[in-house]
Every structure is written in structure tokens, then in C-alpha cells.
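Here the structure is laid out as C-alpha cells; the discussion comes afterwards.
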Amino acid sequence: MVAKSARILVVGGGGTMGSSTALHLARRGYTDIRVLDVYESPSANSAGNDLNKIAGTDSTGVWGELSIEAWDMWTSDPVFKPHGHAVGKLDLTSNDAREEELRGKYERIIAEGRGDTVEWLKDEEAILCKAPHLKGADIKGWRGLYCSSGGWVAARDALASVARSLRSYGVKTAFGTSGTFSSLLLSPDGSCTGVRCVDGTEWDADLVVFATGAWSPGLIDLEGQCESKCWVYAHVQLSPDEAERMRGVPTIYNDKLGFFMEPHTTSNILKLCNEFSGFTHLTPARPFGSNPSSSPLISVPRSHADHPTDTIPTSSLSDIRALIRTCLPHLRDRPIINQAMCWCTDMPDARWLLCEHPRWRNLVLATGDSGHTFKMLPVVGREVVDLIEGKVGVGSGFGSDPLPALLPETLARSVSMSTIGHRKAACSSCLALLPSRRVPWTRSSPHVPHRHMFSSRVLTSTRRPVLTLRAPLTSLPPQLPEARRELWKWRPGRGDPEHTGRGGPPPKDIADLPGWRHDDEEPSSKETETVSGVVSTEAA
């Protein structure tokens, strides 16, 4: 267990995972936290430093639980509530294979007891009932899923809100060269004892959280687990009247074209993104801990903060124009402004990498965004702090889950639907268990804490539920925390055996595409650039 007075560094703490981790550490009473980043939060290198991001509860399984807990905080927590916009979300397609995927998700959400939050839209007429601003759009043959519990969040504003909260807790910071990672400090036994930054500053620590997002694979040896890629976005400036007509419209996503959402509430700027499998930026790199005699090509971000003239490839601009022509034809001739790239790092199976590094004790990794993270800003740091505190076991570091001690050894790993029926839904872990026999739970039975999907708090049932029992267990492993430990663990070479990753064709490399680079005096990144001591924040 880490002492509340322990010296904790959060490297890359100006972005999504780092900011969230620092906030949860502070809220749990840790008193000596320092955030390190190249830029002050919200970091200019963070993908979270953006106008807005999609958010909502239209996921299932563990991502469904986390998204519901996150949305609860987006709509109730004072740090996040001002920046959450519950306008709903449409996930639309004209593709039969994609329709099958969406119908499967729709049915799983209903099976999880959340049918009141989703609706199947069978045709153009049903879509226009939810999204009248698509009148005039070319959406014949479209169908899909509507989720009422979601919408969008003001990303940059939310990160700034977290930063203000951290200051109120007395969290310390170091930005610029004294906050830019160069190497780890190690004890003779290989434990991590701090961080050295590019200006030579050494920060001693009892625990280091490495939340450097898309920069992670180029900064520290992850044995090839993560691949950093960029996606692109651009904007259209609306007039006040145009923006007013789009106030409160649901977020629109199409699997072939991309997505857009309500214009920003004060600037009246509309953000648009195309849909594709991302671009790499292959660069000779020598991460800390890797073979010092080689500099393999690793995809590392090309920071817009460092290269402000960069825009987006010509092909991406054409895609965004196609999105506008299809969905918002009245804006087809508008100038497309503020074009940029957004960097994040993917795990092959699209699951986070949250674990202690197996080579360096007291170094906790918090990366592997995989497209999930910004909507999880309120809760992802909780997962990291649970790991640190031993509420999620790790192979060799911080302890084991305390939950089994609270449960009788005859209980199965999951609770039946009726245990929490008064809240209308069960988590995926509950639904995963087929009952073999059902036994009433009497007042004399121990209460079973259950992290319920409709709240970020741990709830205890107060009615007479029914527990599903199986054969007695001599020792009960952790329930959901153990499952999450398995999902987030160190896993080089595992790939994507369950096909949970992003999918799609292999990414193209940005250096091979025309139209985005406007500093021709610089040499090709593939030829000369080398990553050394560049840190940023978790992409989203």
C-alpha cells in the first residue's frame, strides 16, 4: 500500500489519463503529488486539448460499466458537470455488416437492463425525428442506434476544470524543460525512484505514474505493445443564427463518413471528423530501456504545438468535405478552418495498458488510449488509483483486491439480476453467469458491496435480493476488479485474439501523404528525426 504522504509524480499529467489520475489521487487524500508535462494543463500536446469529444453510454460489457460511471460524473460531479452536454447520440450506417454490429450492441444494452436509454432507428424518417437538422441530408437507406444517455463534452474546458481543481488541492507542477521526461531514475535493484527531465532536473519519487499517451512508445520500452496514430479534424465557423438552429442537436456518427456534434456553445464553431483507421508517423526512436545500439522506426506524434503550420492530408480534407456535402449540404461551400491532427496510442485489442511495468517496480503505466479515454476522463484515473491502492491486483506490486474477504466463500463470482433489480440493470459480470440454483438472501447474510453501473460509488443492496450460487469455492478471486486487472495487464505479443480492436486496414504513414506539411525547409521525419526526451499527454 502506498502511503498518503508518498511522493508521487504523474508524468504527462497535463492530459487525459494524467489529469484524471492526479485528481483521483488528490481526492483520496494523497498530499505530495506533482504533475510533469511539456505544457501547462490543458497541455498543448494533448489530444484532449480539443473543442469537444463524443461521450455516452452506448457501450457494453466493461466499457459499458465504465461509460455509465463516467456519464454519471459528467452529469453530476461539479468538476465535470458544466462541460457535459446530454443531447443524445446517433450511430448510423447504410452498411449491412455494420447494421448487424449495431443491432447486436442494441440487444446487449437491452439485456443489460438499459433498454430505456436506446432506440433502434429503422429508416430515414425515424432518424429525422431524432435529428431534424439532417433534413435535406442524403441519408436514404441509413438506419442505426439512438442513445439518449450521452452526447458530447467540452474537452479543453473539462481539462482546464480538472487543472483548477488540482491547484485547489495543492498539487504541484513542473512544465517546460523541467517537466519534460528524459529518463527514469533507478535504484541498484532496478526500482524506479524518480524522473530526470531534459534540463537535468531530477525529481525523486516513491511512485511514478507514466501517463504520456501517444508519446509513450517512443519514450519508454513497451515491447511493441502500443502503436501511436493520428486522426484528423477541421472546423467550420457558423453565424450566431446558424449555431442557434443547431443547439441541442444529437451527436451524429456514421461508420463511413465520420462525425460531428453541436457547435461549441460560445464560439459557434462546428467540428467535423472523418472516419478512417488512422495515420502513423514512423520515426527512428530509442525509448528508455530499449537496446541502446539501435533506433528502430516507431510511430511517434508530430506535435501541432511544435509544428503549427501542419494541417491535414489532402485526402482527409476531401473526406471531411464529403461528410459536409452528405449531412450538412447548406455548408458545402464554407471555408474549412483550423485543420489539425489528433494523436493517441492504440493497443491491438483496444484495451488500456494500466499496470506496473514488469522491469521497474514503482513505475505505473497509464496509456493505451485506443479511442476510449476522453469520455472516461472522470473515471480512468480511478482505475489507476485502484491499481496503486491494491484494489486491482497486479502481478508483483501493490497488493490484492480486498473484496474477497467480505464475501462468503460459497458465493459465485457474480450476482444475479434481481440483486440490483431496483436500479433496473445489472453489470456485464452479473449477466455473464448462468444460474445453477437460486437462494433467498436473508437479513443475516453478509451484505455484498457491488460497484453498480449507474454510479461511480459502491452500492450495497438494502432489499431482499436473490444470489446465484454455484459449488463452494475454497478461495474466491476478485470479481470485477480481477477482470479489469486481466483486461489492462502487460501483454506484449498478445495481439487481438478476441477481435475487440479498432479493425480496418493497416494505417498509412503520414509522411507518404501530400497536403498537410507546410514547412518544406524541414527534412523528412523518417530520415532524421529521433525521439529523445519528448513527453506529452494521454490522447483521447
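The table below gives the values:
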read-out: Residues located in segment 516-540, provided they are open to solvent by less than 40 Å² (accessible area, probe 1.4 Å), at pLDDT 50 or above and out of contact with any strand residue (DSSP E or B) (no Cβ under 8 Å at 6 or more places or on another chain); value: Asp519
read-out: Considering residues of segment 304-335 that are touching a helix residue (DSSP H, G or I) at 6+ places or on another chain (Cβ under 9 Å) and not basic (Lys, Arg) only, the residue nearest to Pro514 (Cα to Cα); value: Pro313
read-out: Qualifying helices (runs of 4 or more DSSP H) (wholly inside segment 80-184; at least 2 residues being modelled with pLDDT under 95 and of a type outside the set (D, E, K, R)); value: none
read-out: Strands (runs of 3 or more DSSP E) enclosed by segment 263-358 - at least 2 residues per element that are of a type in the set (S, T, N, Q) and within 19 Å of Ser46 (Cα to Cα); value: 337-346
read-out: Some residue of segment 120-137 being among the acidic types (Asp, Glu), touching a residue at least 24 places away in the same chain (Cβ under 8 Å) and either out of contact with any His (no Cβ under 9 Å at 6 or more places or on another chain) or not assigned by the TED database to the domain that holds Pro82 (or both); value: no
read-out: Verdict on Thr283 being buried (at least 21 other Cβ atoms within 10 Å of the Cβ), more than 26 Å from Lys89 (Cα to Cα) and either out of contact with any Phe, Trp or Tyr (no Cβ under 8 Å at 6 or more places or on another chain) or not assigned by the TED database to the domain that holds Arg156 (or both); value: yes
read-out: Selection count where residues are at pLDDT 95 or above and open to solvent by 90 Å² or more (accessible area, probe 1.4 Å), scope segment 502-513; value: 2
read-out: Residue in segment 181-206 that is most open to solvent (accessible area, probe 1.4 Å), counting only those that are of a type outside the set (Val, Ile, Thr) and touching a helix residue (DSSP H, G or I) at 6+ places or on another chain (Cβ under 8 Å); value: Asp199
read-out: In segment 331-350, the residues that are open to solvent by less than 30 Å² (accessible area, probe 1.4 Å) and β-branched (Val, Ile, Thr); value: Ile336, Thr345
read-out: In segment 207-234, the residues that are open to solvent by 10 Å² or more (accessible area, probe 1.4 Å) and either assigned to a strand (DSSP E or B) or hydroxyl-bearing (Ser, Thr, Tyr) (or both); value: Glu227, Lys229, Trp231, Tyr233
read-out: Condition broken by Ala158, with the remaining ones in (1) open to solvent by less than 10 Å² (accessible area, probe 1.4 Å); (2) not assigned by the TED database to the domain that holds Ile269 satisfied; value: (2)
read-out: Boolean, His330 is closer than 25 Å to Asp206 by Cα, modelled with pLDDT of 95 or more and not hydrophobic (A, V, I, L, M, F, W, C); value: no
read-out: Breaking point among (1) open to solvent by 10 Å² or more (accessible area, probe 1.4 Å); (2) closer than 30 Å to Asn338 by Cα; (3) assigned by the TED database to the domain that holds Ser165; (4) in contact (Cβ under 8 Å) with a residue 12 or more places away in the chain, for Thr75; value: (4)
read-out: Selected residue (only one of Ala55, Ala70 is assigned by the TED database to the domain that holds Gly248 and in a strand (DSSP E or B)); value: Ala55
read-out: Options Ile54, Ile110: the member that is open to solvent by 10 Å² or more (accessible area, probe 1.4 Å), among the aliphatic types (A, V, I, L, M) and closer than 30 Å to Arg247 by Cβ; value: Ile54
read-out: Counted residues, segment 60-72 - those being crowded, with 22+ Cβ neighbours inside 10 Å and of a type outside the set (D, E, K, R); value: 5
read-out: Complete set of residues in segment 288-330 that are without any contact (Cβ under 8 Å) to a residue 12 or more places away in the chain and either among the aromatic types (Phe, Trp, Tyr) or open to solvent by less than 60 Å² (accessible area, probe 1.4 Å) (or both); value: Ser294
read-out: Segment 1-45: number of residues that are open to solvent by 10 Å² or more (accessible area, probe 1.4 Å) and under 16 Å from Ala174 (Cα atoms); value: 10
read-out: Positions within segment 1-29 being assigned to a loop (DSSP other than H, G, I, E, B) and either farther than 23 Å from Arg196 by Cβ or touching a Phe, Trp or Tyr at 6+ places or on another chain (Cβ under 9 Å) (or both), in sequence order; value: Met1, Val2, Ala3, Lys4, Ser5, Ala6, Gly12, Gly14, Arg28, Gly29
read-out: Criterion violated by Ile388 - all others in (1) at pLDDT below 95; (2) surrounded by 22 or more Cβ atoms within 10 Å (Cβ to Cβ); (3) outside any helix (DSSP H, G or I) satisfied; value: (3)
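The values are calculated or read from the model by the stated rules, or taken from the named source; none is laboratory data. Just so you know, these numbers come straight off a predicted model, no measurement behind them. Neighbour counts are summed over all protein chains in view; Cβ atoms, including those assigned to glycine, are modelled from backbone coordinates with ideal geometry. Note: areas computed on protein heavy atoms with side chains; ligands, DNA, RNA excluded. Shrake-Rupley method; radii C 1.70, N 1.55, O 1.52, S 1.80 Å.
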